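> Sharing a structure, written as structure tokens. Questions coming.
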Amino acid sequence: MAEMQGLMERLERVVGRLELLSAGSHRPPGDCGEINGVNGGVAPSVEAFDKLMDSMVAEFLKKSRVLAGDVETHEYHEDRNDLVISETELKQVAYIFRCNKSTLRIKGKINSITIDNCKKFGLVFDNVVGIVEVINSKDIQMQVMGKVPTISINKTEGCHIYLSEDALDCEIVSAKSSEMNVLVPQDGDYREFPVPEQFKTAWDGSKLVTEPAEIMG
């Protein structure tokens, strides 16, 4: 965390300098001080900011597991099946970004979970009081051990959801996605049900009515 604090302080100094310059500082164009080893006006300041973002900050984000306030973030993990969030609270939000061929276990009860740009990713969680979102991902598997009111799937290819007995009232909302399946517990095993991908809409005389389209052939 000390390393993170140092990086944040450097970022704040750079951003502060850029804000002064963009607001029209009273300093002469050539007298803007040194930022991250670069002297000069607005253009060198932007260059210094980019240099910082492309080096230490980018490397730190790729290799770290960051706890920032109430947001637990997992990013850029590859071939990891030992990811665990064990200390949770109701206001906490989990954000998983670009994790591939990995599995995350979330214990306890949290506010919400977002899976973004992940491939071949597995999620096991106990309870979510808000929503679980899957966005721009491929080949996702999740297992609900407790309860969750809503699971949203958007722009995702392949999503398999294992519900618990307590989560059978969960609402599944999907858009622009394919190969979605919900598995519900029955007689000690799971029974698989596909989520419709095609719909038909017709005018009933007063409004449009949309319902799943039966697959022909």
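> Looking at GLN141, is it over 13 Å from the mean Cα position of the chain (by Cα), at pLDDT 55 or above and within 19 Å of SER174 (Cα to Cα)?
Numbers: over 13 Å from the mean Cα position of the chain (by Cα): yes; at pLDDT 55 or above: yes; within 19 Å of SER174 (Cα to Cα): yes.
Taking the combined requirement at face value, the residue satisfies it.
> Restricting attention to the range 73-101, which residues are over 20 Å from PRO149 (Cβ atoms) and within 14 Å of the chain's Cα centre (by Cα)?
The answer is THR73, HIS74, GLU75, TYR76, HIS77, PHE97, ARG98, CYS99, ASN100.
> Here is a further query. Return yes or no: is THR73 of a type in the set (Val, Ile, Thr), touching a Gly at 6+ places or on another chain (Cβ under 9 Å) and open to solvent by 10 Å² or more (accessible area, probe 1.4 Å)?
Details: of a type in the set (Val, Ile, Thr): yes; touching a Gly at 6+ places or on another chain (Cβ under 9 Å): no; open to solvent by 10 Å² or more (accessible area, probe 1.4 Å): yes.
Considered against the rule, which asks whether it is of a type in the set (Val, Ile, Thr), touching a Gly at 6+ places or on another chain (Cβ under 9 Å) and open to solvent by 10 Å² or more (accessible area, probe 1.4 Å), THR73 comes out as no.
> Restricting attention to the range 137-164, and to residues there that are aliphatic (A, V, I, L, M) and in contact with a Ser or Thr (Cβ under 7 Å, 6 or more places away or on another chain), which single residue is surrounded by the fewest Cβ atoms within 10 Å (Cβ to Cβ)? Working first, answer last.
Residues of the range 137-164 that are aliphatic (A, V, I, L, M), as a first pass: 140, 142, 144-145, 148, 151, 153, 161, 163.
If we keep only those that are in contact with a Ser or Thr (Cβ under 7 Å, 6 or more places away or on another chain) as well, we get 140, 144-145, 153.
Numbers: ILE140: 21, VAL144: 23, MET145: 17, ILE153: 24.
This residue is MET145.
> Kindly list, by first and then second residue, each pair from a residue in the range 128-141 that is among the hydroxyl-bearing types (Ser, Thr, Tyr) to a residue that is crowded, with 21+ Cβ neighbours inside 10 Å, limited to pairs with Cβ atoms under 9 Å and residues at least 6 apart or on different chains.
Every condition considered, the pairs that remain are SER137/ILE115; SER137/CYS118; SER137/PHE121; SER137/ILE153; SER137/THR156; SER137/CYS159.
> Can I ask one more? Among the residues of the range 116-144, write down those that are farther than 13 Å from GLY158 by Cα, in contact with an Asp or Glu (Cβ under 9 Å, 6 or more places away or on another chain) and not polar (S, T, N, Q).
ASP116, GLU133, VAL144
> Residues that are of a type in the set (Gly, Ala, Ser), open to solvent by 100 Å² or more (accessible area, probe 1.4 Å) and modelled with pLDDT under 95: does the range 176-199 have at least one?
The first filter runs over the range 176-199 and keeps only residues of a type in the set (Gly, Ala, Ser), leaving 177-178, 188.
Adding the requirement that they be open to solvent by 100 Å² or more (accessible area, probe 1.4 Å) leaves none.
Scanning the range 176-199, I find no residue that is of a type in the set (Gly, Ala, Ser), open to solvent by 100 Å² or more (accessible area, probe 1.4 Å) and modelled with pLDDT under 95, so the answer is no.
> Look at ALA167 and say whether it is of a type outside the set (Val, Ile, Thr), free of Cβ contacts under 8 Å to residues at least 40 places away in the same chain and out of contact with any Ser or Thr (no Cβ under 9 Å at 6 or more places or on another chain).
Values: of a type outside the set (Val, Ile, Thr): yes; free of Cβ contacts under 8 Å to residues at least 40 places away in the same chain: yes; out of contact with any Ser or Thr (no Cβ under 9 Å at 6 or more places or on another chain): yes.
Yes, satisfied.
> Please verify whether the range 201-210 includes one or more residues that are of a type in the set (Gly, Ala, Ser) and open to solvent by less than 20 Å² (accessible area, probe 1.4 Å).
Narrowing the range 201-210 to residues of a type in the set (Gly, Ala, Ser): 202, 205-206.
Keeping just the survivors that are open to solvent by less than 20 Å² (accessible area, probe 1.4 Å) gives none.
No: zero hits.
The values are calculated or read from the model by the stated rules, or taken from the named source; none is laboratory data. All values reported here derive from a predicted model rather than from experimental measurement. Every residue, glycine as well, gets a Cβ built from its backbone with ideal geometry; the counts of neighbours run over all protein chains shown. Note: accessible area is taken over every heavy atom of the protein model, side chains too, but ligands, DNA and RNA are not part of it. Shrake-Rupley method; radii C 1.70, N 1.55, O 1.52, S 1.80 Å.
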